[in-house]
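The structure under discussion appears below in the form of structure tokens.
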Amino acid sequence: QVQLVESGGGLVQAGGSLRLSCAASARTCRSGAMGWFRQAPGKEREFAAAISWSGGTTIYADSVKGRCTISRDNGLNTVYLQMNSLKPEDTAVYYCATNRGGAVTRQLSHYDYWGRGTQVTVSS
């Protein structure tokens, strides 16, 4: 069964850092690209970052580029999102997802399975 479980969210002051983790079932992580998305209250879910299976290709949304780093450890079946210099506008539920087809893409519709999300709240 495909399963993705996010963790690492919380409440942090502006300028602080958080590292999100996404633990995947072995089958999920082995086959595809992984992405992080976020959804703020009243807004649509949006792309944040994605990484290829090998980790050699990464892409970022302009809103997080330079402040966030996506990485993965296939041995642990885990994907990470290191977030630095957090801003109140980063407040959202953060979701990880897998694209078993392997393409590193910003399109939500390309991702097959999703976790339930972890809340990130940045206070000003």
- Note on the structure: Sparse-neighbourhood loop hits (GluC sites (Glu not before Pro), region 18-89; DSSP loop; Cβ within 10 Å at most 10 others) -> 44
- Message: What is the percent carbon and sulfur in the accessible area of the chain, measuring with a 1.4 Å probe over the protein chains and ignoring ligands?
- Response: 46
- Message: Using the Karplus curve 6.51 cos²θ - 1.76 cosθ + 1.60 with θ = phi - 60°, what ³J(HN,Hα) values do you get for each residue of region 108-124, in whole Hz, with x for Gly and Pro?
- Response: 4, 5, 7, 9, 8, 10, 10, x, 8, x, 9, 7, 10, 10, 10, 8, 8
- At a probe radius of 1.4 Å, what is the per-residue accessible area of residue 100, in Å² to the nearest 10? 120
- Note on the structure: Other residues with Cβ under 11 Å from the Cβ of residue 117 give, with Lys and Arg +1 and Asp and Glu -1, a net charge of +2
- Item | Residues of region 56-124: accessible area per residue with a 1.4 Å probe, Å² | 50
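The values are calculated or read from the model by the stated rules, or taken from the named source; none is laboratory data. Every value quoted in this text rests on a predicted model; they were computed, and no experiment measured them. For neighbour counting, all protein chains shown are included, and Cβ atoms are generated from backbone atoms with ideal geometry for every residue, glycine included. The protein model used for the area step is the full one, side chains on, heavy atoms only, and it has no ligands, DNA or RNA in it. Shrake-Rupley method; radii C 1.70, N 1.55, O 1.52, S 1.80 Å.
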